[in-house]
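The values are calculated or read from the model by the stated rules, or taken from the named source; none is laboratory data. Fair warning: this is a prediction, and the values are worked out from it, not measured in the lab. Here the Cβ positions follow ideal geometry from the backbone for every residue, glycine too, while neighbour counts run over all protein chains shown. Just the protein is used for accessible areas: all its heavy atoms, side chains included, with ligands, DNA and RNA removed. Shrake-Rupley method; radii C 1.70, N 1.55, O 1.52, S 1.80 Å.
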Amino acid sequence: MADYPVTMTQAQLVYADDPEGLRHLEEQVQRIARANQEELGAVTHWLPAREISAADLASPLGPFSAFLKANIACEGASTHCGSLFLTDYISPFSATAVERLCAAGSRLTAITAMDEFGMGSSSEFTSLGHPVNPWHPRRTAGGSSGGSAAAVAAGHAWYALGSDTGGSVRQPAHCCGVVGLKPTWGRVSRYGLVAFASSLDTIGVLSRGVEDAWAVFRCLAGPDPRDGTSLGQPPLTNQPLTTELLPTQPLPAAPVKGLRCGIPLDLGETAGLDDLSGLNGPPGMALEPALEPALLANQNRCQEWLRDLGAELVPVSLRPWQKALACYTVLNAAEAVSNLLRFDGSLYGLRGEGETFQKSFLAGRTQGLGPEVKRRILLGSHVLSAGYRDRYYWRARATRQTLVKYFEDIFADVDCLLCPTAPTTAFPLGSRVDDPQAMRNSDIFTIPASLAGIPALTIPTGTDANGLPLSAQLLAPWWAEKELCQVGLALERQASFQGRKVIPWANL
Amino acid sequence: MDKKHLLVLARRAGLQLEEKEMPGLLQDIQVLEDLVGTLELETDSPALTHPGEHAEAMPPTMAPHDVQQVHKNAMMDAQGFFRIPGVAHRKEL
């Protein structure tokens with residue numbers, strides 16, 4: 001166990017009676033973050049430095065520094081979305097999420113690198129620089145919130161906001177060994193989040209502990225009149241997850257004892273669970289061969305931990321997940337092409353040369369948008385074309401409905417579902433840039449929750465033989481973020497991964 | 001899908017394509033077609049009861065109306081999932 005505060009929650013406890021000590025720690029973190037950023041490449045813009053005030057020290061998220069993904073609007077800051085098209089765009093307003101963080105005392109200090117408009121899984125689809133994985137400099141930090149995840153993992157920020165459309169918070173959290181929380185769609189206002197695929201986009205949290213993610217999330221959540229899709233949500237309890245125990249103290253078993261936890265039936269045989277014999281479906285499951293052995297063993301280990309904590313493991317088939325990737329590919333492209341039509345250069349963004357609006361429009365978009373964005377725009381246009389709409393778009397919408405029904409049936413029987421976050425550990429930089437399909441496959445385990453709009457949590461649980469992080473993903477029913485985080489916290493404590501972070505300020 | 005169709009799609013989506021980009025994009029679309037071919041319909045979902053009934057009358061790419069419709073579909077789908085009080089389920093809409 002580390003003898004220094006790794007998470008915000010721990011720091012608040014350690015420095016409960018020493019605000020000056022907390023101020024000193026925060027100043028050191030910021031100094032080290034600025035000094036080491038070039039190497040990591042997680043930050044694209046620094047926000048103006050602000051002195052730590054007494055009010056900061058007394059507020060729920062103060063005085064901890066946080067980073068912001070570049071597609072979430074912050075007044076006076078660059079909201080470049082990783083795109084050349086918006087390189088010079090300075091947002092004139094703040095997103096609701098940013099306003100709520102600031103109201104809770106958060107100190108936003110930097111804008112992080114990302115895949116252009118959130119389209120990618122390695123943060124390499126951008127012309128503005130990409131981050132590297134803090135655990136291995138030649139591996140990806142994941143994407144599209146790779147900059148946020150890398151910064152949190154390296155200890156340069158206590159937490160960061162990201163956006164999750166098909167796994168863009170959870171997959172980088174997995175690659176960088178941090179916690180990634182994707183709330184229920186509609187729980188956190190999307191006002192000020194640059195739209196990619198509106199029915200999938202959610203603002204999520206990356207942190208070094210589940211308690212931190214919960215603390216930030218409960219500041220963000222709640223209805224917002226400026227986002228109609230956030231209205232009508234059930235109220236969120238404003239309670240901490242536990243009695244805020246120190247990490248060295250045992251967690252009460254109550255949140256997990258008696259819990260019915262779904263585990264993948266289709267991975268069961270390989271995972272070696274004796275009680276699943278005879279229950280496996282026919283061969284041909286596409287998910288299983290894609291999973292690395294270390295991640296399969298990790299899944300098995302996490303199941304054992306939950307069983308040790310008193311959970312009942314219930315086998316659940318992931319067979320319907322096979323269709324999720326195709327469904328997501330169609331829907332996200334269709335929504336992206338409609339959302340990205342607003343980038344015409346007339347009011348903001350890159351304005352191309354041309355005598356007429358049409359010529360300027362074509363030139364600006366052609367010059368300013370990257371290859372992956374163009375690819376998705378063309379795919380989106382294609383799937384919405386006459387003659388192809390029935391074949392692709394309507395079929396994908398129908399498939400999405402069957403997937404939602406599938407999750408409704410599952411959560412009628414179990415309280416949560418435990419599965420891998422990604423089929424591989426952090427892959428080498430550049431290895432999938434020219435293979436869009438391989439890149440999309442990185443999200444095979446995260447997409448189903450996005451399509452259904454349910455909350456999901458990625459928790460780091462260990463490292464493989466190469467020292468790369470492993471993780472588990474928990475899914476819960478709509479609006480059950482607290483229950484999700486409680487189980488996640490139990491798993492985090494069991495894995496005891498927090499103390500194994502390699503962060504530069506560990507010896508302060 | 002051929003180069004001519006791709007150029008029409010690109011122009012209407014506000015993009016100019018270079019000759020060297022086209023083979024890769026055509027290949028991507030072929031991959032998509034193969035991928036989506038795996039979507040088998042096992043449902044009598046209302047989404048399929050009136051799919052694209054005006055398809056023949058529509059232009060080969062999205063019209064402004066389609067853009068609005070995509071957003072409307074997306075919001076109806078997503079809100080319907082959650083049965084938010086006060087928001088009708090999409091099957092009721």
- Query: Considering only protein heavy atoms, what is the solvent-accessible area of A:H174 at a probe of 1.4 Å, reported in Å² to the nearest 10?
  - Reply: 0
- Output the residues of segment A:370-388 meeting this criterion: accessible area (heavy atoms, 1.4 Å probe) in the chain alone minus accessible area with all protein chains in place is 30 Å² or greater. A:K374, A:R375, A:L378, A:L379, A:S381, A:H382, A:L384, A:S385, A:A386, A:Y388
- Task: Name the residues whose placed amide hydrogens come within less than 5 Å of the amide hydrogen of B:Q16, ignoring near sequence neighbours (fewer than 5 apart) on the same chain.
- Result: A:T366
- Message: Could you tell me what a quarter of the Cα convex hull surface of segment A:281-397 works out to, in nm² with one decimal place?
- Response: 12.1
- Task: Using the Karplus curve 6.51 cos²θ - 1.76 cosθ + 1.60 with θ = phi - 60°, work out ³J(HN,Hα) for each residue of segment A:475-484 in order, rounded to whole Hz, and write x for Gly and Pro.
- Result: 10, 9, x, 3, 6, 9, 5, 5, 4, 4
- What residues have an amide H closer than 5 Å to that of A:D227, excluding those fewer than 5 places away on the same chain, when H is modeled at 1.01 Å from N in the peptide plane? none
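From the Cα gyration tensor of segment A:430-478, with a ≥ b ≥ c the square roots of its eigenvalues, which class applies: rounded if a/c is under 1.5, or else prolate if a/b is larger than b/c, or else oblate? If you can, show how the numbers build up before the last one.
Working: a/c = 4.36, a/b = 1.18, b/c = 3.71.
Here segment A:430-478 falls in the oblate category.
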- When only DSSP loop residues count, what GluC sites (Glu not before Pro) in segment A:14-112 have their Cβ near at most 14 other Cβ atoms within 10 Å? A:E51
- Item | Phi-based couplings in Hz for segment B:3-15 (Karplus 6.51, -1.76, 1.60; Gly and Pro marked x) | 4, 5, 4, 4, 5, 5, 4, 5, 4, 6, 8, x, 10
- Task: Holding the Cα-Cα limit at 27 Å, pick out from A:K359/B:K4; A:K323/B:K20; A:K69/B:K20; A:K69/A:K323; B:K3/B:K72 the pairs that are longer than that.
- Result: A:K323/B:K20; A:K69/B:K20; A:K69/A:K323; B:K3/B:K72
- Virtual spin-label span in nm between A:E39 and A:A103, 7 Å along Cα→Cβ: 4.0
- Set the Förster distance to 35 Å, then compute FRET efficiency between A:D390 and A:W46 from the Cβ-Cβ distance, nearest 0.05. 0.10
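Considering Cα pairs under 8 angstrom that are at least six residues apart, work out the relative contact order of segment A:364-508 and quote it in whole percent. Walk me through the numbers before you get to the answer.
Numbers: 132 pairs, mean separation 29.4, N = 145.
Once divided by the residue count of segment A:364-508, the mean separation gives 20 percent.
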- Spin-label point model (7 Å from Cα, Cβ direction): what's the A:R307 to A:F357 distance in nm? 6.5
- Query: Please report, for the Cα atoms of segment A:112-171, the Rg to one decimal and the Dmax as a whole number; what are they, in angstrom?
  - Reply: 10.0, 27
- Task: Under 1.5 on a/c is rounded, so check that first for segment A:54-137, then, if it is not, pick prolate when a/b is larger than b/c and oblate when it is not; a ≥ b ≥ c are the square roots of the alpha carbon gyration tensor eigenvalues.
- Result: oblate
- Only Lys, Arg (+1) and Asp, Glu (-1) charged, at Cβ; segment A:114-213 dipole about Cα centre in debye: 140
- Modelled label-to-label distance, A:I90 and A:A55, 7 Å Cα→beta-carbon offset: nm? 2.3
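With charges set only on the Cβ (+1 for Lys and Arg, -1 for Asp and Glu), what does the dipole of segment A:33-131 come to about its Cα centre, in debye to the nearest 20?
On the way: 5 positive and 10 negative charges, 57 e Å.
I would put it at about 280 debye.
Please list, by residue number, every one of the GluC sites (Glu not before Pro) in segment A:338-391 that is coil in DSSP and has at most 16 other beta-carbon atoms within 10 Å.
Numbers: sites: A:E353, A:E355, A:E372; in loops: A:E353, A:E355.
For GluC sites (Glu not before Pro) across segment A:338-391 that sit outside H, G, I, E and B with at most 16 neighbouring Cβ atoms in 10 Å, the list reads A:E353, A:E355.
How many partner chain Cβ atoms sit within 10 Å of a residue's Cβ in peptide B:10-22, on average, as a whole number? Don't skip to the end; give the middle numbers.
Values: counts 7, 3, 3, 11, 17, 10, 8, 3, 1, 0, 0, 4, 0.
The mean count of partner-chain Cβ atoms within 10 Å per residue comes to 5.
Sort segment A:354-508 into rounded, prolate or oblate with this rule: let a ≥ b ≥ c be the square roots of the eigenvalues of the Cα gyration tensor; rounded if a/c is under 1.5, and if a/c is not under 1.5, prolate when a/b is larger than b/c, oblate otherwise. List each step's numbers first, then the result.
Values: a/c = 2.57, a/b = 1.42, b/c = 1.81.
Since a/c reaches 1.5 but b/c is at least a/b, the shape of segment A:354-508 is classed as oblate.
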- Output the relative contact order of chain A, whole-number percent, from Cα pairs under 8 angstrom with separation of 6+ residues. 19
- To the nearest 20 debye, what charge dipole does chain A have about its Cα centre, counting +1 at the Cβ of each Lys and Arg and -1 at the Cβ of each Asp and Glu? 1060
- Message: For A:Y406, A:Y15, give me the order by solvent-accessible area with a 1.4 Å probe, most accessible first, ignoring ligands, DNA and RNA.
- Response: A:Y15, A:Y406
